[in-house]
Amino acid sequence: MSEQAGFTSDPGESVSVHLETGEDAATGDARVEDATDGGARSPAPVPRPRPFDGEGEEMPNTADARRERIETAWVRAWGKGDVDALDGLLSPAYLRHGTDPHPQGPDVLKAAIVSTRAAFPDLTTVIDDIVIEGDRAAIRWHSSGTHENAFLGVPPTKRRVDIGGATFARFDGDLIAEEHVTWDPRALLVALGIISLGQD
């Protein structure tokens, strides 16, 4: 398909512009070509529209969809105690690598969230940053809560604790298959008054 338009750049001077649009047969990308320089054509890429889901709705960007999936599940699981919300985020074969030498499955993670929230009833966990690249996600977070009930055998101290860490996730399709979690358990022990700084 081609179009030709005439316009005036200076009074009395008419310039003819030839535009040709189409689709590159090799790449499928849309292109726009012009011939204002006497016939030479230089391609100018045109962004292709985002795909639709078949019902007229634009499909979300994969990174955005994964980010939203993480945020939703974390708010429901860590913030509200609805650990079954993780079923929509974690693969059944999910493995979590952390301070325990043996990787944990989804059920162990759910139990850990339940026990942590029981010990710190006012627990809040905030996602500070999420960076997604390909099938990988890096999540920086921090948690705060008051130690109101026994936790890992430690009687309630009534102390307010603040800790932070990072989670590095690998997606397999729409679900997270593996996570590596890094945080300093000593920071929690110091906050609870169990050990002092400089004590191993």
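Points worth noting:
- If you go through the range 96-153 and keep only what is closer than 18 Å to Phe168 by Cα, of a type in the set (S, T, N, Q) and more than 22 Å from the chain's Cα centre (by Cα), you end up with just Thr99.
- Restricting the range 149-169 to residues that are closer than 20 Å to Pro101 by Cβ and open to solvent by 40 Å² or more (accessible area, probe 1.4 Å), the residue that is modelled with the highest pLDDT: Phe168
- Residues of the range 170-200 classified as modelled with pLDDT of 95 or more and touching a Leu at 6+ places or on another chain (Cβ under 8 Å), total: 5
- Residues being closer than 18 Å to Phe168 by Cα, among the charged types (D, E, K, R) and open to solvent by less than 70 Å² (accessible area, probe 1.4 Å) - total across the range 59-95: 2
- Close pairs (8 angstrom Cβ cut-off, 6 or more residues apart or separate chains): closer than 13 Å to Ala177 by Cβ in the range 133-146, in a strand (DSSP E or B) and small (Gly, Ala, Ser) anywhere: Arg136/Ala169; Ala137/Ala169
- Test set (1) free of Cβ contacts under 8 Å to residues at least 60 places away in the same chain; (2) more than 20 Å from Glu71 (Cβ to Cβ) - Arg170 fails condition number: (2)
The values are calculated or read from the model by the stated rules, or taken from the named source; none is laboratory data. Note that the coordinates shown come from a computational prediction; the quantities given were computed from them, not determined experimentally. Cβ sites come from the backbone with ideal geometry, for glycine too, and all protein chains shown count toward neighbours. Please note that ligands, DNA and RNA were not included when accessible areas were found on the heavy atoms of the full protein model with its side chains. Shrake-Rupley method; radii C 1.70, N 1.55, O 1.52, S 1.80 Å.
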